[in-house]
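Remarks on the structure that follows.
The values are calculated or read from the model by the stated rules, or taken from the named source; none is laboratory data. Quick caveat: nothing in here was measured; it's all calculated off a predicted structure. In this analysis, Cβ positions are derived from the backbone assuming ideal geometry, glycine residues included, and neighbour counts consider all displayed protein chains. Each accessible area value is taken on the protein alone, full model and side chains, heavy atoms only, with ligands, DNA and RNA left out. Shrake-Rupley method; radii C 1.70, N 1.55, O 1.52, S 1.80 Å.
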Amino acid sequence: MEIDIVSNESGTTATLVGEADADNCALIGAALLADTVTHPLSLDLGGLTFLDSSAISELLEVHNALRQRAVDMSVVGVSPSARRVLEITGLLDHFGISDTE
């Protein structure tokens with residue numbers, strides 16, 4: 001799993017590449033919830049090849065924690081495999097992902 005985070009004055013973009021699973025989900029949460037994330041977060045899942053329930057749970061926790069900080073989070077560039085998992089779990093709408101993306 002690779003996590004690339006780029007911040008500027010308008011927001012933060014975090015790109016996840018590889019497999020997001022129980023072995024690395026805590027790393028994902030820690031990276032995304034770093035104290036430096038105070039601007040809107042755009043989470044790019046286009047490079048994910050695998051997404052399991054542990055990683056989904058972590059993304060939900062990140063989303064809720066950012067909401068408590070009044071920080072917006074959007075999910076973009078969802079890979080087909082990640083999209084399928086989010087579709088099956090009914091979380092496309094929760095993360096604001098349209099069916100046509």
Evaluate the following for Thr49: is it in contact with a His (Cβ under 6 Å, 6 or more places away or on another chain) and either under 19 Å from His94 (Cα atoms) or touching a residue at least 24 places away in the same chain (Cβ under 8 Å) (or both)? no
Odd one out for Leu92 among (1) assigned to a helix (DSSP H, G or I); (2) over 21 Å from Asn24 (Cβ atoms); (3) open to solvent by less than 40 Å² (accessible area, probe 1.4 Å): (1)
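Got a sec? Which helices (runs of 4 or more DSSP H) wholly within the range 11-88 have at least 2 residues that are surrounded by 21 or more Cβ atoms within 10 Å (Cβ to Cβ), out of contact with any helix residue (DSSP H, G or I) (no Cβ under 9 Å at 6 or more places or on another chain) and modelled with pLDDT of 95 or more? Walk me through how you get there before you give the answer.
Details: elements: 25-32, 53-68, 80-88.
So the answer is none; nothing clears 2.
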